[in-house]
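Heads up: the structure comes next, in structure tokens.
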């Protein structure tokens, strides 16, 4: 049989479980994405109710050829490829098995328990957040970074309201009253989208980054609407202490976020100021950060309101599910059509997404963070 014909003739069972992280309403695959798999002859199992939070009922999946399964045990037990959104929780990790593939966000560096469980499972685990594009970017993380960046300003503005513990400051001010000071740490995708929202609301915005090219690009894009600063310790401290709202938008792919804002800086901020830590999935970039949920999103340290929700895009599940599927679908199809190993080896941009394979850790940044020996992804697949 011709190799291409073999790929097209294979049938893969893809499982889409209901997300169980608190307040997580996204779903791994939309009905439109599922249709792309079923029309290619693949079997798709969707846990009953998995899409409800994002606006997709079971009937929408049945209409395009999916099978509805009553519980997660049925999905994990039958699927060759499990497609999720958030990292598997402990009960889900216990259902993974050797030879099975998990395709989802993992964020392993700050999560040793998850890492050890995935290694013990024997499964192959591909992380959305370390898949690359031709320019070295993170195309499967970018859509959620865009959403999180925009949400960070909405969340920060709400937290600044007096009933929510904030200083009672309106981001854009009004004629005769100064607008809020917003500091954005990091000029990448999250930071850029946060700035668009903050500038649009009329706030005074300062962005810090250590990449001069990034600062030049942001200056060209926003002009005098923002202030750009090279991020030294002194510049960061001044910009944080002077701010009404600080947005932490720092990312080191695969690694734990650096703790750039110290507890001393937080203590020196004005009472009622707000920090939003978008880097909390990777451990957070404020020393005082700890993960929160949509149900209980904030807490106060030294008079400063902290918003550290670890799945921010889950607040807008319909938008974020659609945006995520636009980025992940082609890789899901490749994994189903070719099988996991062949799809990874054929695509040098998907291969960096491999974090765990058959009991071996393959993401170097996670190995450094957790003190675990790693192997090269291609070597792991060839073993």
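The values are calculated or read from the model by the stated rules, or taken from the named source; none is laboratory data. Since this is a predicted model, take the numbers as computed values, not measurements. Note: ideal-geometry Cβ built from the backbone for every residue, glycine included; neighbour counts use all protein chains shown.
Tabulated values for the structure
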{"read-out": "Residue selected from region 222-246 under the condition in contact with a strand residue (DSSP E or B) (Cβ under 9 Å, 6 or more places away or on another chain) and part of a helix (DSSP H, G or I), by the criterion surrounded by the most Cβ atoms within 10 Å (Cβ to Cβ)", "value": "240"}
{"read-out": "Any chance residue 157 is under 23 Å from the mean Cα position of the chain (by Cα) and assigned by TED's automatic domain parsing to the domain that holds residue 271", "value": "yes"}
{"read-out": "Residue tally, condition part of a helix (DSSP H, G or I) and either outside the structural domain of residue 38 (by TED's automatic domain parsing) or surrounded by fewer than 18 Cβ atoms within 10 Å (Cβ to Cβ) (or both), over region 334-364", "value": "5"}
{"read-out": "Residue in region 169-179 that is surrounded by the fewest Cβ atoms within 10 Å (Cβ to Cβ), counting only those that are within 30 Å of the chain's Cα centre (by Cα) and either in a strand (DSSP E or B) or in contact (Cβ under 8 Å) with a residue 24 or more places away in the chain (or both)", "value": "172"}
{"read-out": "Odd one out for residue 350, checked against (1) touching a residue at least 12 places away in the same chain (Cβ under 8 Å); (2) over 22 Å from residue 79 (Cβ atoms); (3) under 21 Å from the mean Cα position of the chain (by Cα)", "value": "(2)"}
{"read-out": "Residue 182 part of a loop (DSSP other than H, G, I, E, B), in contact with a strand residue (DSSP E or B) (Cβ under 9 Å, 6 or more places away or on another chain) and touching a residue at least 40 places away in the same chain (Cβ under 8 Å)", "value": "no"}
{"read-out": "Residue list for region 189-216, restricted to those being in a loop (DSSP other than H, G, I, E, B) and either crowded, with 21+ Cβ neighbours inside 10 Å or modelled with pLDDT under 95 (or both)", "value": "203"}
{"read-out": "Residue in region 135-142 that is outside any helix (DSSP H, G or I) and over 26 Å from residue 88 (Cα atoms) present", "value": "yes"}
{"read-out": "Odd one out for residue 295 among (1) modelled with pLDDT of 95 or more; (2) not in a helix (DSSP H, G or I)", "value": "(1)"}
{"read-out": "Residue within region 310-324 that is part of a strand (DSSP E or B), under 20 Å from the mean Cα position of the chain (by Cα), modelled with pLDDT of 95 or more and buried (at least 23 other Cβ atoms within 10 Å of the Cβ) present", "value": "no"}
{"read-out": "Failed item in (1) in contact with a strand residue (DSSP E or B) (Cβ under 9 Å, 6 or more places away or on another chain); (2) buried (at least 20 other Cβ atoms within 10 Å of the Cβ), with residue 291 passing the rest", "value": "(2)"}
{"read-out": "Helices (runs of 4 or more DSSP H) completely within region 6-121 that count 3 or more residues being under 24 Å from residue 251 (Cα atoms)", "value": "112-121"}
{"read-out": "Residue match in region 264-279 (condition: crowded, with 17+ Cβ neighbours inside 10 Å, assigned by TED's automatic domain parsing to the domain that holds residue 23, touching a strand residue (DSSP E or B) at 6+ places or on another chain (Cβ under 7 Å) and in a helix (DSSP H, G or I))", "value": "no"}
{"read-out": "Selected residue [at pLDDT below 95 and either in contact with a helix residue (DSSP H, G or I) (Cβ under 8 Å, 6 or more places away or on another chain) or more than 21 Å from residue 304 (Cβ to Cβ) (or both)] from 252, 241", "value": "252"}
{"read-out": "When residues of region 298-309 are limited to those that are assigned to a strand (DSSP E or B) and touching a residue at least 12 places away in the same chain (Cβ under 8 Å), the one nearest to residue 156 (Cα to Cα)", "value": "307"}
